[in-house]
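Read through the structure below, which is laid out as structure tokens, and then see the notes.
The values are calculated or read from the model by the stated rules, or taken from the named source; none is laboratory data. Just so you know, these numbers come straight off a predicted model, no measurement behind them. Reconstructed Cβ throughout: ideal geometry from the backbone, glycine too, with neighbour counts over all protein chains shown.
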Amino acid sequence: MDQQLLGALEAGGTKMVCATGYADGSIAACTEIPTTTPEETTAAIVAWFEDKGIAALGVGAFGPTAVDPASKHFGKILETPKTSWRYFDLLGNLAAPLNVPFGYDTDVNAACLGEATFGCARGLSSVVYLTIGTGVGAGVMVNGQLLHGMLHPEGGHVLVSRDPRDTIGEHSGCPYHDNCLEGLIAGPGVKKRWGGKRASELADDPEAMDLLAGYLAQALTTYTLCYSPKKIIIGGGVADHTPIVPLARKKAAELLNGYLVTPELEDIDTYIVNNSLDGEQGIKGCLALAHRALSA
């Protein structure tokens, strides 16, 4: 079974990453397809996979999306800002023509699974994966299972306390919340605050990094207290191109203030870390989803 060719689809709002590979995480072939209309995009995805001979397909989709197989909307994209994709049956439009077993989850849950299966969280049963870029997404694994509830974790929208130094104004970069993590730390909020600049352009600005790291630290403290993960991994452009992770790690330790005493937190430098798979955690996680579907 481990030698069977698997399909992986990291379905993003701007591009679809399609790959084939194996249960050990090795990638055989890979391509990118622009995310345009639902019909055009899924037709291109099916066309790429249909002659590859895959035994199963793992899909990590942008959200919100319905991940509960019992839901009438299972496999559909839900209330996305990409209006043409709202309630589009992504999974159904792939599963029917390809006719293989499938695994379906969010893109960030897939990335979390990738790190837990092949990366720096390998062998750990409880993990939080956070990505910070245009938005903020969280994937959560608890006791070896990706967390689902009425929907899926939306950890990017946990509320944080505003720093009095913040110049962002009354409204953050999030259209729903003025003091959530995403609104204050992701790309739109960064650009709103600093005249259109990206976080990478502010990497050498100590005050800017301190502000962003403070918000991230508040969220990391919440995740630590609520999910009790054995490791927190942070990816995405903001984390990859700035010193925000080590700065937030130190601040999170200060916020926890010695309340939790565990072996993991005694070595917080290895507890809160940057991603370890060079941007491939999502697509490798999709391979793991496909392998799980084949093994079910």
Scan the range 74-105 for residues that are out of contact with any Pro (no Cβ under 8 Å at 6 or more places or on another chain), without any contact (Cβ under 8 Å) to a residue 60 or more places away in the chain and not in a loop (DSSP other than H, G, I, E, B) and jot them down.
-> LYS76, THR83, ASP89, LEU91, GLY92, ALA95, ALA96, PRO97
Subset of the range 250-291, residues within 19 Å of the chain's Cα centre (by Cα) and assigned to a helix (DSSP H, G or I), comes to GLN281, GLY282, ILE283, LYS284, GLY285, CYS286, LEU287, ALA288, LEU289, ALA290
Return yes when SER172 is assigned to a loop (DSSP other than H, G, I, E, B), of a type in the set (Gly, Ala, Ser) and within 20 Å of THR242 (Cβ to Cβ) and no when it is not.
-> yes
Can you confirm whether the range 266-279 contains a residue that is of a type in the set (S, T, N, Q) and without any contact (Cβ under 8 Å) to a residue 40 or more places away in the chain?
-> yes
Reported set for the range 257-296 where residues are in contact with a Lys or Arg (Cβ under 8 Å, 6 or more places away or on another chain) and among the hydrophobic types (A, V, I, L, M, F, W, C) is ILE268, ILE272, VAL273, LEU277
What number goes with the only condition from (1) in contact with a Ser or Thr (Cβ under 7 Å, 6 or more places away or on another chain); (2) buried (at least 24 other Cβ atoms within 10 Å of the Cβ) that SER200 does not pass?
-> (2)
So which residues in the range 10-22 are small (Gly, Ala, Ser) and either outside any loop (DSSP other than H, G, I, E, B) or surrounded by 20 or more Cβ atoms within 10 Å (Cβ to Cβ) (or both), if there are any at all?
-> ALA11, ALA19, GLY21
In the range 93-111, how many are touching a strand residue (DSSP E or B) at 6+ places or on another chain (Cβ under 8 Å) and farther than 14 Å from GLY25 by Cα?
-> 13
Scan the range 131-173 for residues that are more than 16 Å from CYS112 (Cα to Cα), in contact with a strand residue (DSSP E or B) (Cβ under 9 Å, 6 or more places away or on another chain) and at pLDDT 95 or above and jot them down.
-> HIS157, VAL158, LEU159, VAL160, SER172
Which condition breaks for GLN4 when tested against (1) touching a residue at least 24 places away in the same chain (Cβ under 8 Å); (2) under 23 Å from ASP89 (Cβ atoms)?
-> (2)
